[in-house]
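Heads up, the thing below is written out as structure tokens.
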Amino acid sequence: MANHKSAIKRIRSNNAKRLQNRYYAKTTRNAVKKLRGTEDKKDAAALLPKVVAMLDKLAKKNIIHKNKASNLKSKLAKRVNAISK
């Protein structure tokens, strides 16, 4: 257990930030899954910029690594371009 007032506050703020980070990361993962499951090229092309923006925000806030975000964006772009319809 923390003995200092500042350590107790830090535990509280860390927990709040952890929950926010988990929420944003999970929301982005769900958006990526939705994009991967999309079969219509028009819908996928409309969804791609939104997902890319979400990934960029996560990378900027160090929730995910910048290279992971880059890899995901690249794979998603290739997948959207490969859709024939």
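Since every read-out is calculated from the coordinates, none of them should be taken as a lab result. Predicted model only: the values in this text are computed from it and were never measured. Neighbour counts run over all protein chains shown; Cβ positions are idealised from the backbone, glycine included.
Before moving on, here are some points about what is shown:
- Estimated translational D of the chain in µm²/s (Stokes, Kirkwood radius over Cα pairs; 37 °C; 0.692 mPa s): 227 µm²/s
- When the charge dipole of the chain is built from unit charges on Cβ atoms (+1 for Lys and Arg, -1 for Asp and Glu) and taken about the Cα centre, the candidate among A7, V52, A82 whose Cα reaches farthest toward its positive end is A7.
- Anchor K78: lysines whose Cα lies under 24 Å away (excluding residues fewer than 8 positions away in-chain): K26, K33, K34, K41, K42, K50, K57, K60, K66, K68
- Remark: segment 22-85 carries a charge dipole of roughly 240 debye about the Cα centre, counting +1 on each Lys and Arg Cβ and -1 on each Asp and Glu Cβ.
- R0 of 22 Å, Cβ-Cβ distance K9-K60: FRET efficiency to nearest 0.05: 0.30
- Considering only alpha-carbon pairs that sit under 8 angstrom and 6 or more positions apart, the relative contact order computed for the chain is 31 percent.
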